[in-house]
Amino acid sequence: MILMKENLRLMPQQFNNYPPIFFMRGHKDVKAIKTTESQHCIFYVHIPFCLQKCTYCVLSSLIKNPKAFENTLGYVEKEIGIIVSQFGRRKIAAAMYGGGTPSNLSSKQIAGLYGKIYKSLNFETGAEITAEIRPATFDLDKLKAFIDCGVNRLSFGVQTLNPTELQYCGRQNTYDVIASSMELAYRAGFNNINFDIIYGLPKQTPASFQETCKQIFAKLKPQHVCLYLLIVHPGTAIANLKKIKPEIFPSERDKQQMFDIFIEIARQHGYINTSVENVAQSNNLFSRYQRLNWQGLERIGVGPEAIGFVNQCQYVNFSYGQKYRQAVGQNRLPIDFSYKLNSEEMLIRKIILGLHNLKIKIDDFEREFSINIEKKFSKQWEYLKKNNFIVKNGKEITLSDKGMKFFFFVQSQFFSDEIREKEIKKVLEKTMSNLSIIGYPPTPLPT
């Protein structure tokens, strides 16, 4: 459920994985991370390079440090060699190059790192390869370098188009900067651009967010848009600001209104929902990387703080520092912690990730797990259907608009008792009170 992400104070990826990342800490099942018979996978590369630290970012960053950039690239390239030696040249259906900001690299560095990846790994014909870029940090030479490395999709970190809100983000990408950056990308040959935008920012109101959405969907018209709720991580600049000036942050009611505004304006301009927080101009322009991730495809994560999932084992790399460098230097995977899922957890994971794609088919679970999830989780489905979070049509279960809006609440119904007891119980109790605040009755959770 989107409303509760901020209350959990966890990394965004923790809501895109099961078990959640906080639950994995303290586990280390490195021996389980090995190649499997599954040939297809998706690939993620994280580099911690930034022009400046965003106020809300909790990840480690290297700021304007060319020497550190070069040093880090050497270790990431070496880690890729370790991956190839351990996993082989598996077929990659989609890749995401994130960070940090890959467009902070020079054209030569782009060709060096991503060129090696493109040559070393086995990308399927027509594989989707996305690079996250920051507007105004690239030119035609950099874009052509990305294209030469197989990149065919760009993701712009827009966040907001409101000048005041941008200042609170530590960003400078105005409407004109975004528009000129898009024009440059189209001129280079790209025709598939995603925008990431955030709601819940300081000084943001439903009216200001509505204006940002209108400019994006009516004027700039990117092919795909991802919506994220601001997560206030302890220790970040924005967390310190919230302690001092909590009144400048939007209320829960305002944030729910912003979510509704996003969906309404997107649909008014012909965009369709492709997953819980994503919209696209057509179903052909969905993020293949995200969709395959929600389908449970194995994901190889490379680079500091990258997250992967291989052979039923979820892992997180060390942040950039001595432990990361030491592991890679010794030809070891730089894994900080990892967790091997049992069969029950794999089943729950498939339900939770599958619902991200808005719809699951009951027969798929019967074929894979020999379990009828309709019967096994009958209380959960009954509760979610009764309260209009899902729609059941024969052997298909689809999220309603309410289910998308409160997706964390939906997926939490399937969390194990251990996870509920460890961290989620207090959040779910807060969730119910928030539901009642915005007009939904605080119906007790099913047991």
ask   = When the Karplus curve 6.51 cos²θ - 1.76 cosθ + 1.60 is applied with θ = phi - 60°, which whole-Hz ³J(HN,Hα) does each residue of the range 263-272 get, with x for Gly and Pro?
value = 5, 4, 5, 4, 5, 4, 9, x, 7, 10
key: Three-way shape label, the range 105-180, alpha-carbon gyration tensor, a/c 1.5   = prolate
ask   = According to the Cα gyration tensor, what semi-axes, each the square root of 5 times an eigenvalue, does the equivalent ellipsoid of the range 218-359 have, listed from largest to smallest in whole Å?
value = 32, 24, 16
request  = Using only alpha carbon pairs under 8 Å that are at least six residues apart, calculate the relative contact order of the range 93-143 and give it in whole percent.
outcome  = 63 percent
query = In debye, nearest 20: dipole of the range 29-174 around its Cα centre with unit charges on the Cβ of K, R (+) and D, E (-)?
reply = 260 debye
message = Per residue of the range 47-53, what does 6.51 cos²θ - 1.76 cosθ + 1.60 with θ = phi - 60° give for ³J(HN,Hα)? Whole Hz please, x for Gly and Pro, Karplus curve as stated.
response = 10, x, 9, 9, 6, 7, 7
inquiry  = Could you identify which residue out of G403, G308, G189 has the top mean-square fluctuation in a GNM of the chain using Cα springs shorter than 10 Å?
reply    = G189
task = Treat every Asp and Glu Cβ in the chain as -1 and every Lys and Arg Cβ as +1, leave all other atoms uncharged, and give the resulting dipole magnitude about the Cα centre to the nearest 20 debye.
result = 480 debye
remark   = Expressed in µm² per second, the diffusion coefficient of the range 256-328 from the Stokes-Einstein equation, with Rh the Kirkwood radius over alpha carbon pairs, at 37 °C and 0.692 mPa s, is 219 µm²/s
task = Determine the calculated [θ] at 222 nm for the chain from helices alone, applying -39500 (n - 2.57) to every DSSP H run no shorter than 4 residues and normalising by the residue count; nearest 500 deg cm²/dmol.
result = -12000 deg cm²/dmol
key: Those Cys residues of the chain for which no other cysteine Cβ falls under 4.7 Å   = C41, C50, C149, C169, C213, C226, C313
key: Highest-MSF residue in the chain out of F123, F217, F377 [GNM, Cα springs under 10 Å]   = F377
request  = Starting from the Cα gyration tensor of the range 188-243, take the square roots of the eigenvalues, sort them a ≥ b ≥ c, and report rounded, prolate or oblate (rounded when a/c is under 1.5, otherwise prolate if a/b is larger than b/c, else oblate).
outcome  = oblate
note = If one builds a Gaussian network model of the chain from Cα atoms under 10 Å apart, the most fluctuating residue listed among A239, A185, A93 is A239
message = List the residues, sorted by chain then number, that are 5 or more residues from D336 or on another chain and whose placed amide H is less than 5 Å from its amide H.
response = V316, N317, F318
key: Peptides ranked, highest mean first, by Cβ atoms within 10 Å: ranges 168-180, 382-394   = 168-180, 382-394
ask   = How would you rank H269, H46, going from fewest to most other Cβ atoms within 10 Å of each one's own Cβ?
value = H269, H46
inquiry  = Taking the beta-carbon count within 10 Å as an exposure proxy, list T125, T130 from fewest neighbours to most.
reply    = T125, T130
task = Neighbouring Cβ atoms within 10 Å as the yardstick, rank T164, T137 fewest first.
result = T164, T137
inquiry  = Once you order the gyration tensor axes a ≥ b ≥ c over the Cα atoms, which shape class does the range 182-284 get: rounded for a/c under 1.5, otherwise prolate or oblate by comparing a/b with b/c?
reply    = prolate
Unit charges at the beta carbon, dipole of the chain: most positive-side option, S107, N194, L285 = S107
message = Can you tell me, using C-alpha contacts under 8 Å and at least 6 residues apart, the relative contact order of the chain as a whole percent?
response = 20 percent
ask   = What spacing in nm lies between the two simple spin-label points modelled at D176 and Q295, each 7 Å away from Cα in the Cβ direction?
value = 4.4 nm
request  = State the antiparallel share, in %, of DSSP beta bridges confined to the chain, rounding to the nearest 5.
outcome  = 40 percent
key: Sequence-separation-based contact order of the range 315-383, relative, with Cα cut under 8 Å and 6+ spacing, percent   = 20 percent
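Each reported figure results from applying straightforward, stated rules to the coordinates on display, with no laboratory input. In this text the structure is predicted, and so the values were computed from the model without any measurement. Heads up, the Cβs are rebuilt from the backbone with ideal geometry, glycines too, and the neighbour counts pull from every protein chain shown.
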